[in-house]
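The values are calculated or read from the model by the stated rules, or taken from the named source; none is laboratory data. In this text, all values refer to a predicted model and were calculated from it rather than measured experimentally. Glycine also receives a Cβ, built like all others from the backbone with ideal geometry; neighbour counts cover every protein chain displayed. For the accessible areas, the whole protein counts, side chains as well, though only heavy atoms, and no ligand, DNA or RNA atoms are used. Shrake-Rupley method; radii C 1.70, N 1.55, O 1.52, S 1.80 Å.
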Amino acid sequence: PYPVKTEIAQVQAVVREYDPGLQTGALPDHEQRYEEFIAKMKTAGSDKVIAEFQKQLDEFVKNMK
């Protein structure tokens, strides 16, 4: 499995918290709420998840040659 399993779970929790309201525009002060969402995503480890997925993708592509 993934070395970022904990971070994935944390990121998913943040998405579940903000997703419906951000997608529909139903949240008041949506611009501020979006900034909160991004900050919470980074705190949850989204950058680490992206880096790990990119590493795995790069390895996959390298092995296809």
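Quick notes on this structure:
- Filtering the stretch 30-52 to residues that are in contact (Cβ under 8 Å) with a residue 12 or more places away in the chain, open to solvent by 70 Å² or more (accessible area, probe 1.4 Å) and over 10 Å from Val11 (Cα atoms) leaves Arg33, Tyr34, Lys48.
- Of all residue pairs spaced 6 or more apart or on separate chains, those with beta-carbon atoms under 8 Å, a first member in the stretch 10-21 that is free of Cβ contacts under 8 Å to residues at least 40 places away in the same chain and a second member that is open to solvent by 50 Å² or more (accessible area, probe 1.4 Å) are Val14/Lys40; Glu17/Lys40; Tyr18/Arg33; Tyr18/Glu36; Tyr18/Lys40; Pro20/Ala26; Gly21/His30; Gly21/Arg33.
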